[in-house]
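Engineer: If you scroll down you'll find the structure; I have some questions about it.
The values are calculated or read from the model by the stated rules, or taken from the named source; none is laboratory data. These figures come from a predicted structure and were not determined experimentally. We place every Cβ from the backbone using ideal geometry, glycine too, and count neighbours over all the protein chains shown. Just so you know, the surface numbers come from the protein's heavy atoms only, side chains and all, with ligands and any DNA or RNA stripped out. Shrake-Rupley method; radii C 1.70, N 1.55, O 1.52, S 1.80 Å.
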Amino acid sequence: MNHLTRRPRRNRKSDVIRNLVQENHLTLHDLIFPIFVTEGDNVQQGIPSMPGISRFSLDRLVDEVGECVELGIKAFAPFPNISEEKKDRFAQESKNPEGLFLKTISELKRQFPGITLATDVAMDPYSTDGHDGIVDNGEIINDASLEVLGQMALAQAQAGADIIAPSDMMDGRVAHIRQILDKHAFSNVAIMSYTAKYASGFYGPFRDALESAPKHGDKKTYQMNPANSREALIEAELDTLEGADYLMVKPALSYLDVIKLLRDNSNLPIAAYNVSGEYAMVKAAAQNGWLDGEKIMLETLLSMKRAGADIILTYFAKEFAQYIKR
């Protein structure tokens with residue numbers, strides 16, 4: 001029998017030893033919980049394609065956030081479900097201080113001053129076209145869209161947002177937003193750029209939640225090609241030079257290589273968005289008894305940490321918080 005000087009199994013022989021040598025750890029401090037707000041009072045609408053996730057009216061959302069805070073969740077990413085009659089080509093409702101989203105930001109910060117809100121900047125929830133920028137004759141107009149996005153970011157900062165998260169993928173938007181925030185004395189408001197946001201099929205349930213799918217065409221002229229990874233380095237370099245405080249990869253699970261690529265090439269914090277389709281797949285398989293949903297949740301989130309994510313936006317946040325409380 002060969003004499004083995006190295007036996008890796010020695011470091012796996014008990015829970016205590018396995019914990020001693022564990023390389024990556026997942027905590028609630030790593031997570032941001034995306035939440036959905038809709039109009040009305042006393043409303044909770046389950047999202048069929050996202051089991052366990054609902055749209056809440058503001059009064060019910062306050063209750064939901066309160067429960068999450070009690071569980072230890074302190075960071076949230078709210079998204080609005082805007083009624084069709086309030087949408088237009090230029091997303092003007094996004095700047096309405098009496099509108100749903102800005103009131104939500106203000107009220108959540110008033111009720112829970114210790115939480116952090118990372119707020120989405122993109123036109124699609126407010127646009128009759130369902131695109132992230134201004135549409136003219138079927139084309140997404142980049143530079144004109146920057147003006148709308150900048151004013152949207154300013155309105156969110158004025159409402160109390162801690163982190164502005166532009167998800168639109170327009171060229172130059174980080175620099176434009178940074179300039180506007182600084183000009184209006186919001187230099188302490190950070191920017192979490194959706195740096196590598198791919199034109200993915202994993203967004204379907206999210207678009208169900210917001211009812212914000214494009215009315216025509218697709219988003220391939222501004223979101224990234226799923227075949228590309230080096231292109232993410234170009235986006236990351238530009239966002240860094242323009243003043244981003246965090247770089248995000250979206251989706252996460254099918255893009256772990258891109259998370260690793262940005263981690264290896266940037267000193268900025270890296271965020272990963274564990275998107276709705278990734279969540280829905282696990283939930284569907286678990287409901288059918290094909291997978292252990294809890295184990296897959298933990299393994300999925302840990303894989304993103306292992307790839308290099310410092311921050312994970314995930315619909316599993318509340319479930320994870322309940323799991324570690326047991």
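Engineer: Can you work out ³J(HN,Hα) from phi for every residue in segment 287-296, in order, using Karplus 6.51 cos²θ - 1.76 cosθ + 1.60 and θ = phi - 60°, giving whole Hz and x for Gly and Pro?
Structural biologist: Ordered by residue, 3J(HN,Hα) equals 5, 8, x, 7, 9, 7, x, 5, 5, 5 Hz.
Engineer: Follow-up. How long is the gain from residue 18 to residue 110 if the chain were fully straight, where each residue apart is worth 0.36 nm and the alpha carbon distance is subtracted? Please list the in-between numbers first.
Structural biologist: Values: separation 92, 0.36 × 92 = 33.12 nm, distance 4.33 nm.
Result for the pair: 28.8 nm of gain on full extension.
Engineer: Still on this structure: Checking a compactness column here: for segment 1-159, what do you get for Rg(Cα) / (2.2 N^0.38 Å), N being the number of residues? Write down the numbers at each step before the final one.
Structural biologist: Details: Rg = 22.4 Å, N = 159, 2.2 N^0.38 = 15.1 Å.
Against the empirical 2.2 N^0.38 Å value, I get 1.48 for segment 1-159.
Engineer: Let me ask something else. Sort largest first and round to whole Å: the equivalent ellipsoid semi-axes of the chain, each the square root of five times a Cα gyration tensor eigenvalue. Could you put the intermediate results ahead of the total?
Structural biologist: Numbers: eigenvalues 227, 110, 75 Å².
So the equivalent ellipsoid measures 34, 23, 19 Å along its semi-axes.
Engineer: If R₀ is 30 angstrom, what is the calculated FRET efficiency for the pair residue 325 and residue 254, using the beta carbon separation as r and rounding to 0.05?
Structural biologist: Working: r = 30 Å, r/R0 = 1.00.
Here the calculated transfer efficiency is 0.50.
Engineer: Moving to a separate point now. Pick out, in residue order, every one of the GluC sites (Glu not before Pro) in segment 1-75 that is DSSP loop and has at most 13 other C-beta atoms within 10 Å; say none if there are none. Walk me through the numbers before you get to the answer.
Structural biologist: Values: sites: 23, 39, 64, 67, 70; in loops: 23, 39.
When the GluC sites (Glu not before Pro) of segment 1-75 are filtered for loop state and at most 13 Cβ neighbours within 10 Å, 23 remain.
Engineer: Out of the total accessible area of the chain (probe 1.4 Å, heavy atoms of protein only), what percent is carbon and sulfur? Write out the running numbers ahead of the final one.
Structural biologist: On the way: 7310 of 15230 Å².
Roughly 48 percent, rounded to a whole number.
Engineer: Moving to a separate point now. How many angstrom lie between the C-alpha centres of segment 248-312 and segment 94-160?
Structural biologist: If you average the Cα positions of each part, the centres end up 26 Å apart.
Engineer: Starting from the amide H of residue 224, placed 1.01 Å from N in the peptide plane, find each other amide H under 5 Å away whose residue is 5 or more places distant or on another chain.
Structural biologist: Answer set, sorted by chain and number: 197, 198, 199.
Engineer: Something else: Can you check what the net charge comes to around residue 266, using other residues whose Cβ is under 13 Å from the Cβ of residue 266 (Lys, Arg +1; Asp, Glu -1)? All intermediate terms of the calculation are to be shown ahead of the outcome.
Structural biologist: Details: positive: 260, 263; negative: 235, 237, 239, 245, 264, 310.
So the surrounding residues net to -4.
Engineer: Now, a different point. Starting from the amide H of residue 313, placed 1.01 Å from N in the peptide plane, find each other amide H under 5 Å away whose residue is 5 or more places distant or on another chain.
Structural biologist: The answer is 32, 272, 273, 274.
Engineer: Okay, moving on. Calculate, in whole percent, how much of the Cα-Cα pair population of segment 1-50 lies beyond 14 Å.
Structural biologist: Numbers: 917 of 1225 pairs.
It works out to 75 percent of all Cα pairs.
Engineer: Going from most exposed to least, what order do 162, 41, 124 have by accessible area with a 1.4 Å probe?
Structural biologist: Numbers: 162 50, 41 125, 124 15 Å².
From most accessible down to least: 41, 162, 124.
Engineer: Residue by residue through segment 78-93, what is 3J(HN,Hα) from phi via Karplus (6.51 cos²θ - 1.76 cosθ + 1.60, θ = phi - 60°)? Round to whole Hz and write x for glycine and proline.
Structural biologist: Residue by residue, segment 78-93 yields x, 9, x, 9, 9, 5, 4, 5, 9, 9, 8, 4, 10, 6, 5, 4 Hz.
Engineer: Suppose every K and R has +1 on its Cβ and every D and E has -1 on its Cβ; what is the size of the dipole of segment 24-325 about the Cα centre, in Debye to the nearest 20?
Structural biologist: So the dipole magnitude of segment 24-325 works out to roughly 520 debye.
Engineer: Short version: ³J(HN,Hα) in whole Hz for each residue of segment 317-326, in order, from phi by Karplus 6.51 cos²θ - 1.76 cosθ + 1.60 (θ = phi - 60°), x for Gly and Pro, what are they?
Structural biologist: Ordered by residue, 3J(HN,Hα) equals 4, 5, 4, 5, 4, 5, 4, 6, 7, 5 Hz.
Engineer: Between residue 291 and residue 96, what FRET efficiency follows from the Cβ-Cβ distance if R0 is 35 Å, with the result rounded to 0.05? Write out the running numbers ahead of the final one.
Structural biologist: Details: r = 43 Å, r/R0 = 1.24.
My answer for the efficiency is 0.20.
Engineer: When DSSP beta bridges are limited to those with both residues in segment 115-274, what percentage is antiparallel, rounded to the nearest 5?
Structural biologist: Details: 3 of 17 bridges.
If I count the DSSP bridges inside segment 115-274, around 20 percent turn out antiparallel.
Engineer: Which semi-axes, in whole Å and largest first, does the equivalent ellipsoid of segment 104-184 have when worked out from the alpha carbon gyration tensor as the square roots of 5 times its eigenvalues?
Structural biologist: Working: eigenvalues 123, 40, 15 Å².
Largest first, segment 104-184 gives 25, 14, 9 Å.
Engineer: Before I look further, what does the chain give for accessible area per residue, probe 1.4 Å, in whole square angstrom? Don't skip to the end; give the middle numbers.
Structural biologist: Details: 15230 Å² over 326 residues.
On a per-residue basis, the chain sits at 47 Å².
Engineer: Test of the criteria: in segment 1-53, which trypsin sites (Lys or Arg not before Pro) are in a DSSP loop and have at most 16 other Cβ atoms within 10 angstrom of their Cβ?
Structural biologist: In loop regions of segment 1-53 (DSSP not H, G, I, E or B), the sparsely surrounded trypsin sites (Lys or Arg not before Pro) are 6, 13.
Engineer: Suppose we keep just the DSSP beta bridges with both residues in segment 1-127; what percent of those would be antiparallel, to 5? Please list the in-between numbers first.
Structural biologist: On the way: 3 of 15 bridges.
Of all bridge pairs located within segment 1-127, approximately 20 percent are antiparallel.
Engineer: Oh, and also: Where both partners of a DSSP beta bridge lie in segment 24-325, what percent of those bridges are antiparallel, to the nearest 5? The partial results should precede the final answer.
Structural biologist: Working: 6 of 38 bridges.
Of those bridges, close to 15 percent are antiparallel.
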